[in-house]
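Undergrad: This structure is in structure tokens; I'll ask about it shortly.
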Amino acid sequence: MDTIFALATARGKAGVAVIRISGPCAWLAAERLAGVLPPPRQTGLRVLQLDGSALDEAVVLCFERGKSFTGEEVAELHIHGAIATVSAVLRALGDIDGLRLAEPGEFTRRALENGRLDLAQVEGLSDLIDAETEAQRKQALKVLSGAVGSLVDGWRAKLVRAAALIEATIDFADEDVPVDVSPEVLELIDCVKAGIAHELRGVSAGERVREGFEVAIVGRPNAGKSTLLNALAGREAAITSEIAGTTRDVIEVRMDLRGLPVTVLDTAGLRETEDRIETIGIERALERARAADLRIFLLDGADVPLIAPSAGDLIVHGKADLGAQDGLAVSGKTGEGVDTLVTLMTERLEGQAASASVMSRERHRISLMDAVEAMESARNEVLRGSDRAELAAESLRQAARALESLVGRVDVEHLLDEIFASFCIGK
Ligand SMILES: Nc1nc2c(c(=O)[nH]1)N(C=O)[C@@H](CNc1ccc(C(=O)N[C@@H](CCC(=O)O)C(=O)O)cc1)CN2
Ligand SMILES: Nc1nc2c(ncn2[C@@H]2O[C@H](COP(=O)(O)OP(=O)(O)OP(=O)(O)O)[C@@H](O)[C@H]2O)c(=O)[nH]1
Ligand SMILES: [Mg+2]
């Protein structure tokens, strides 16, 4: 097994940078630079040097094999975060025989291989590193803490018990008093199915929390959509003008809306037009507005929405500064009503986010659906009578395997490259 090393902190000038070394020669390598190492899990201040020339003054921290993030022997060098210092120490480590630079996600891959994390936790860690808002941080931390594994364990135990009950009837099929286990088996299957159905309903919301919600601003030309977008963004993200038909392409601005990750879309004003480019813009506007999680219809005067609002969509009057309006009125120009609008947007999206599951990927959805399908066959076999017991038990085992693929207990080799592709070096 190679010993790998990498900068674990972000590249670029910083107060402190951490270089992580993991593998059988990690301590030996650290010792080459730092001299006598502090005891495991205790820091020591050392001068790092190679061949007599000082590299930096550093804090050194070692973890024993089996008691580290990767499960391997680990050494950390907490050095000054200067670009030149980081380069010098990385160069020195690269000169040591048997050491090589880690690939992206390779530390975490080793943690997975050594059973320190399951596959879902690896995804959770990846999401945590990418988290930009509170909702993302909370969801990712739950997943990193093993929430998916806990759900799977609970379901799996019930399916294993159901299979055992069925198998017991196979072994004792010749007995005089056959016990009918089917009520208990069906109850176990239905209980797990209900649990899985609940999580399945939350996958989309989980996905939205992970990737961000989309909110589209729609309305007629000149309603003030781009001005409103700029007010929400706090910067001049979109061009505004008194010319109707200014915005053509969809303009996306990502923001943290009171902890929720949201991309607000400014779109072309909706109207009948001969202009070919504007027509394409309007088609794009309609398409993106339909696909969005929430729409803000910005009305101009007595105007009515051009596309049908869905339940929960927000209908607001623009240019509130020009005069009194019924209902919610906002002005992108003066900021009036914008705070109330943000509150309403947050409420609507929080309503959607409330049902978010810790299962938030297409891969999770597929495994859950595979499990449900296998459980449905098992259910049918149970109902068809005791001579179908073998088939019922096999379907239950198949369901358990589908669930186990969520945490990677079954063969998931083919998933790893994809999952680790998005990791940064040093993680
Ligand atoms: N300096 C430093 N800080 C860090 C990390 C790190 O690798 N180094 N982490 C990297 O992601 C995170 C913490 N994650 C960690 C997870 C497990 C172990 C670890 O040594 N686990 C052992 C011992 C547990 C214990 O002491 O209770 C184990 O599980 O056996 C260390 C860090 C965030 N902060
Ligand atoms: N008084 C007032 N004028 C506004 C307000 N919002 C926008 N305007 C003006 O209305 C005109 C159109 O604003 P935009 O934000 O470009 O309108 P839009 O809806 O993006 O228009 P299109 O991109 O053409 O669809 C500009 O002259 C803005 O200055 C507002 O809240 N109050
Ligand atoms: Mg515009």
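No value in this document is a laboratory result; all are computed from the given coordinates. Since this is a predicted model, take the numbers as computed values, not measurements. Counting neighbours? That spans all protein chains shown, and the Cβs are built from the backbone with ideal geometry, glycine included.
Undergrad: Can you work out the FRET efficiency for the pair residue 51 and residue 421, with r the C-beta to C-beta distance and R0 = 45 Å, to the nearest 0.05?
TA: 0.75
Undergrad: What distance in nm separates the two pseudo spin-label positions at residue 279 and residue 376, each 7 Å out from Cα along the beta-carbon direction?
TA: Label at residue 279, label at residue 376, 4.4 nm between them.
Undergrad: Calculate the length of the line joining the C-alpha centroid of region 362-390 to that of region 72-130, in whole Å.
TA: Answer, in whole Å: 42.
Undergrad: Using helices alone, I'd like the mean residue ellipticity at 222 nm for the chain: each DSSP H run of four-plus residues gives -39500 (n - 2.57), total over residue count, nearest 500.
TA: Calculated mean residue ellipticity at 222 nm is -15500 deg cm²/dmol.
Undergrad: Checking the a/c ratio against 1.5 first, then a/b against b/c, what shape does the Cα gyration tensor give for region 201-292?
TA: Since a/c reaches 1.5 but b/c is at least a/b, the shape of region 201-292 is classed as oblate.
Undergrad: How high is the relative contact order of the chain, given as a whole-number percent (alpha carbon pairs under 8 Å, six or more residues apart)?
TA: Relative CO of the chain lands at 17 percent.
Undergrad: As an exercise, identify the GluC sites (Glu not before Pro) in region 268-324 lying in DSSP coil whose Cβ has no more than 11 other Cβ atoms within 10 Å.
TA: Answer by residue number: 272, 274.
Undergrad: Would you list which lysines come within 27 Å of residue 13, measuring only between C-alpha atoms, while excluding same-chain residues fewer than 8 positions from it?
TA: Those lysines meeting the cut-off are 427.
Undergrad: Next up: At a Förster radius of 41 Å, what calculated FRET efficiency corresponds to the Cβ-Cβ distance of residue 194 and residue 250, to the nearest 0.05?
TA: 0.55
Undergrad: Need the full-extension length gain, residue 390 to residue 308, defined as separation in residues times 0.36 nm minus the C-alpha distance. One decimal, nm.
TA: Result for the pair: 24.2 nm of gain on full extension.
Undergrad: What is region 212-353 by shape, rounded, prolate or oblate, if you read a ≥ b ≥ c off the alpha carbon gyration tensor as root eigenvalues and call it rounded for a/c under 1.5, prolate for a/b larger than b/c, and oblate otherwise?
TA: rounded
Undergrad: If you bin the C-alpha pair distances of region 141-230 every 5 Å from 0, what whole percents do you get?
TA: 3, 11, 12, 13, 10, 9, 8, 7, 6, 6, 4, 3, 3, 2, 2, 1, 0
Undergrad: Sequence neighbours fewer than 8 away in the same chain don't count; with that in mind, list the lysines whose C-alpha is under 18 Å from residue 193.
TA: List returned: 158.
Undergrad: Compute the length gained on full extension between residue 328 and residue 258: take 0.36 nm times their separation in residues and subtract their Cα-Cα distance, giving the result in nm to one decimal.
TA: Net length gain for the segment: 23.2 nm.
Undergrad: Say R0 is 45 Å: what FRET efficiency, to the nearest 0.05, do residue 287 and residue 36 get from their beta-carbon distance?
TA: In this case the efficiency is close to 0.10.
Undergrad: In addition: At q = 0.22 Å⁻¹, work out log10 I(q)/I(0) for region 3-117 with the Debye formula, treating every Cα as an identical point scatterer and leaving solvent out; two decimals please.
TA: Per q value, in the given order, log10 I(q)/I(0) is -1.27.
Undergrad: Report the gain in length on full extension from residue 350 to residue 239: 0.36 nm times residue separation, minus Cα-Cα distance, nm rounded to one decimal.
TA: Contour length minus the Cα-Cα distance gives 37.0 nm.
Undergrad: Still on this structure: Fewest to most neighbouring Cβ within 10 Å: what's the order for 48, 286?
TA: Neighbour counts put them in this order, fewest first: 286, 48.
Undergrad: Quick check: from the Cα gyration tensor, does the chain come out rounded (a/c under 1.5), prolate or oblate?
TA: Judged from the Cα gyration tensor, the chain comes out oblate (a/c at least 1.5, b/c at or above a/b).
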